[in-house]
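Chemist: Can you read through this structure? Questions will come right after.
What follows is calculated from the coordinates using simple rules that are stated; it is not laboratory data. In this text, all values refer to a predicted model and were calculated from it rather than measured experimentally. With ideal geometry, Cβ positions are generated from the backbone for all residues, glycine too; neighbour counts draw on all protein chains shown.
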Amino acid sequence: MISKIDFSEKNLTSNSGTLMLYNHTDAEGIFEMIDEEVKFHNPSINKIKMNHIKSLLCGFFIGIDKLERMRLLYNDPLVYEMAVDVKSPETISRFLKKFDYRTTHQLRTVSFKVFNHMLSKSGLLKITIDIDSSVINVEGHQEGTAKGYNPKKKGNKCYNIQFAFCDELKAYISGYVRSGNAHSANGASELIKEIYDNIHFEGLDICFRMDSGYFDEEIIKTIESLGCKYVIKAKAYATLVSKVPSDEYFQKGSEGRVTAELFTKLDKWDDDRRILVSRVLKESGETNQMTLFEKEYRYFFFVTNDESISSEEVVLFYEKRGNCENYIKESKYDMNVGNLILHSFWANEAIFQLMMLTYNIFLMFKMSYMTAKEYRQQIKSFRLKYVFLAGKIISTARYKILKLPEQYPYKGIYIRALA
């Protein structure tokens, strides 16, 4: 039994895994990429930017949710050996307030380049891009917040974040922080164009998948003009509901989905499009007693320009959109997106972009050193297994050595990553 605690040992770290992630980030050229892309007008800020950005990435490696938590790395000897000089939370906060529209957009350019690198390594020629938004509740008077749809605390001010993920890679492509009263579809057409311009190459087949918040002809026309495909859940407008065909037009597919097809348009649309109708029998508690002996259905509508897949396949393809919601949850709960909030809007945008860059760094590391099954594991699990590991740095006449536990069960990853 331990009878005494002594805080006298030196050169100890509890975050040995940051070394693997930091070295991999450096080896993949991401630090160099940031240094080249992100340029402040003030030369003195340019001199210190990389130290602060490296400090923040190290903080995000271990999952900080407040700048105050940066003190965990303040005297960490491992971080010191990586030539990162972690400053006080107040100093880092002042640096983050120097960001503006131009410099945060430059961070988004870095994210595009990192995603393109991942896409190139994967060899994929067909990808699905999920676009969705999520609300971030705030309790203070942060810049750019507004009252809008806020299921967590109705009536509270909030931010609304737009996300774009590649489903096959689980990777973040782009996104940004918006005011809380922004509608889901606001700015979506511009985001789609930006994504296409930054990632498309000859031979890449892109399909955009979105929920009913993006059911808008302007968005659809934008995707069509780019020569891409889309599957979007449609809103059950009266125009569509009135066109639901009779029973004989519905067919049950091999996976059990009952569907029918329409080729029609809404009243204000310019063009007819392929619209799929999926119906599900209402449960007994949902039915109207007046129609007790008649079957009642709930109808779901989907619009697509992909003629290569059947009606049922469209429904099954859309159902996989739930993966995107899981990626957003991982961003919020494991990367702490929305927890580290400052007063400045552009500081919060910079924090978001750096957090999502770190999210992709985790994926890049797993892509290089782990199995497909481990690639899908959550960041929280990754940290527990590989980052939060005690170590001691010792110095010899010629080397600095990081001593790790002899019985550590995952030492193979460290051996491969630091070879």
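Chemist: Past the 27 angstrom mark, what percentage of all C-alpha to C-alpha distances in the chain do you count?
Modeler: Value for the chain (Cα pairs over 27 Å): 58 percent.
Chemist: What's the local net charge at Trp269, with K and R +1, D and E -1, over the other residues with C-beta under 15 Å away?
Modeler: Charge balance in the 15 Å sphere: -1.
Chemist: Would you mind pulling out the separation of the Cα centroids of the stretch 23-93 and the stretch 221-244, in Å?
Modeler: About 44 Å separates the Cα centre of the stretch 23-93 from the one of the stretch 221-244.
Chemist: Report the full-extension gain for the segment Glu37 to Glu283: residue separation times 0.36 nm, less the Cα-Cα distance, to one decimal in nm.
Modeler: The span from Glu37 to Glu283 would gain 83.0 nm if fully extended.
Chemist: Turning to a different aspect of this structure: How large is the translational diffusion coefficient of the stretch 4-49 in µm² per second when you combine the Kirkwood radius over alpha carbon pairs with Stokes-Einstein at 10 °C and 1.306 mPa s?
Modeler: 115
Chemist: Got a sec to turn the phi values of the stretch 129-141 into Karplus ³J(HN,Hα) couplings, 6.51 cos²θ - 1.76 cosθ + 1.60 with θ = phi - 60°, whole Hz, x for Gly and Pro?
Modeler: Per residue, the Karplus-derived 3J(HN,Hα) values read 10, 9, 10, 7, 10, 8, 8, 10, 6, 10, 10, x, 10 Hz.
Chemist: Give the long-range amide H neighbours of Tyr176: residues separated by 5 or more places, or on another chain, with amide H under 5 Å away, using H modelled in the peptide plane at 1.01 Å from N.
Modeler: Amide H to amide H, under 5 Å and 5 or more residues apart or across chains, Tyr176 pairs with Gln162.
Chemist: Principal axis lengths of the stretch 10-98 from Cα atoms, whole Å, largest first?
Modeler: Here the Cα extents, ordered largest to smallest, are 40, 30, 22 Å.
Chemist: Specify which residue in the list Ile309, Leu266, Leu276 is farthest towards the positive end of the charge dipole of the stretch 228-314, using unit charges on the beta carbon of Lys, Arg (+1) and Asp, Glu (-1), about the Cα centre.
Modeler: My answer, from the dipole projection, is Leu266.
Chemist: Now, a different point. Please return the longest stretch of the chain lacking exposed loop sites, where GluC sites (Glu not before Pro) count only if DSSP places them in a loop and at most 15 other Cβ atoms lie within 10 Å.
Modeler: 10-138
Chemist: Something else: Please rank Thr264, Thr304, fewest neighbouring Cβ atoms within 10 Å first, as an exposure proxy.
Modeler: Ascending Cβ contact count within 10 Å gives the list Thr264, Thr304.
Chemist: Using Cα pairs under 8 angstrom and six or more residues apart, how large is the relative contact order of the stretch 228-314, in percent?
Modeler: 37
Chemist: Express the Stokes-Einstein translational diffusion coefficient of the stretch 70-201 in µm² s⁻¹, to the nearest whole number, given a Kirkwood radius over alpha-carbon pairs, 25 °C and a viscosity of 0.890 mPa s.
Modeler: 141
Chemist: Counting each DSSP H run of 4 or more residues in the chain as -39500 (n - 2.57), what helix-only mean residue ellipticity at 222 nm follows after dividing by all residues, to the nearest 500 deg cm²/dmol?
Modeler: -11500 deg cm²/dmol
Chemist: Just how large is the dipole of the chain about the Cα centre, in debye to the nearest 20, putting +1 at every Lys and Arg Cβ and -1 at every Asp and Glu Cβ?
Modeler: 1760
Chemist: Next question. For Arg273, what residues show an amide H to amide H distance below 5 Å, using hydrogens built from the backbone and excluding near sequence neighbours?
Modeler: Here Thr264, Lys265 satisfy the definition.
Chemist: Under 4 °C and 1.567 mPa s, how fast does the stretch 228-314 diffuse according to Stokes-Einstein, given a Kirkwood radius computed over C-alpha pairs? Answer in µm²/s, whole number.
Modeler: For the chosen part, D equals 92 µm²/s.
Chemist: Follow-up. In which sequence would Ile45, Ile127 go, from the one with the fewest C-beta neighbours within 10 Å to the one with the most?
Modeler: Fewest-to-most Cβ neighbours within 10 Å comes out as Ile45, Ile127.
Chemist: Note down the relative contact order for the chain as a percent, whole number, built from C-alpha pairs under 8 angstrom at least six residues apart.
Modeler: It rounds to 20 percent for the chain.
Chemist: How many angstrom lie between the Cα centre of the stretch 257-282 and the Cα centre of the stretch 382-416?
Modeler: The stretch 257-282 and the stretch 382-416 have Cα centres spaced 57 Å from each other.
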